[in-house]
Ligand SMILES: [Cu+2]
């Protein structure tokens, strides 16, 4: 019984990850309205983002349809921060998943998400993204509570 109890949180998070799988698999697909991983050779523009507690340095980003953008996320804060590109529904799903995960789970998982870049304090990482369709999308840090505190913004693709 004791073994079952201690194994339970891991079991639960695994179950949740499995349940979240169709959403993640879907996000990995090319038909995402908010775009796809870009080819670093096609980058036409670099957008520098800074993450601190608890905000990004910008609230809105405008890009052109078909544009390949290199997002450079510099974590100048004291906590982990990430930047995920998505639409309202995918952000919500990602946020839900992260809420159920402990820091340890996230580190173990490596937090692999095609439209995300995850940073530790002091780290700078980049994500190359091609916006394939016009529309209103979102960028957000989906660490629990961060987006609600304002760590998110709009991406307008024209
Ligand atoms: Cu954050």
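The values are calculated or read from the model by the stated rules, or taken from the named source; none is laboratory data. All figures in this text were calculated on a predicted structure; none of them were measured in a lab. Reconstructed Cβ throughout: ideal geometry from the backbone, glycine too, with neighbour counts over all protein chains shown.
Within region 131-158, the set of residues being away from the ligand (no atom under 12 Å from the Cβ) and in contact with a helix residue (DSSP H, G or I) (Cβ under 7 Å, 6 or more places away or on another chain) comprises just one member, 138. Of the residues making up region 52-72, just one is in a loop (DSSP other than H, G, I, E, B), within 11 Å of the ligand (Cβ to nearest atom) and free of Cβ contacts under 8 Å to residues at least 60 places away in the same chain, namely 53. Restricting region 120-129 to residues that are assigned to a loop (DSSP other than H, G, I, E, B) and touching a strand residue (DSSP E or B) at 6+ places or on another chain (Cβ under 6 Å), the residue that is farthest from residue 69 (Cα to Cα) is 121.
Pull up region 73-89, narrow it to residues that are in a strand (DSSP E or B) and over 13 Å from the mean Cα position of the chain (by Cα), then point me to the one that is surrounded by the fewest Cβ atoms within 10 Å (Cβ to Cβ).
Checking each candidate, the answer is 74.
Residues that are closer than 17 Å to residue 118 by Cβ and in a loop (DSSP other than H, G, I, E, B) within region 130-157 comprise 141, 142, 143, 144, 145, 146, 147, 151, listed in sequence order.
Counting only residues that are farther than 16 Å from residue 145 by Cβ and near the ligand (Cβ under 8 Å from one of its atoms), region 77-94 holds 0 of them.
Yes/no per residue for (1) over 25 Å from residue 123 (Cα atoms); (2) more than 13 Å from the ligand (Cβ to nearest atom); (3) at pLDDT 95 or above:
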{"position": "18", "(1), (2), (3)": "yes, yes, no"}
{"position": "32", "(1), (2), (3)": "yes, yes, no"}
{"position": "40", "(1), (2), (3)": "no, yes, yes"}
{"position": "43", "(1), (2), (3)": "no, yes, yes"}
{"position": "50", "(1), (2), (3)": "no, no, yes"}
